[in-house]
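Peer 1: Supplied in structure tokens, the structure appears directly below.
Coordinate-derived values only; no laboratory data. Computed from a prediction, not measured in an experiment: that's the story for all the values here. Don't worry about glycine lacking a Cβ; one is built from the backbone with ideal geometry, like all the others, and counts go over all protein chains shown.
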């Protein structure tokens, strides 16, 4: 992907809700199985990682805002 495509992806990543992120991740993962080009597959895996990171970050923020943090002994 070129620089503009990545910019568009990051803009979408910031604006998408959690359900959209999960759906896009599933579509990319399904496509990834059929991709033979090494560079394209690397971009797809990077997109999946970034979506996962964003979902985890949102989950952490939601837990902090509702006070659901687990306490370690």
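Peer 1: Of the residues 58, 49, only one is surrounded by 13 or more Cβ atoms within 10 Å (Cβ to Cβ) and under 12 Å from the mean Cα position of the chain (by Cα); which?
Peer 2: 58
Peer 1: If I filter the range 23-38 down to residues being within 14 Å of the chain's Cα centre (by Cα) and loosely packed, with under 14 Cβ neighbours inside 10 Å, which single residue comes out as farthest from residue 56 (Cα to Cα)?
Peer 2: This residue is 27.
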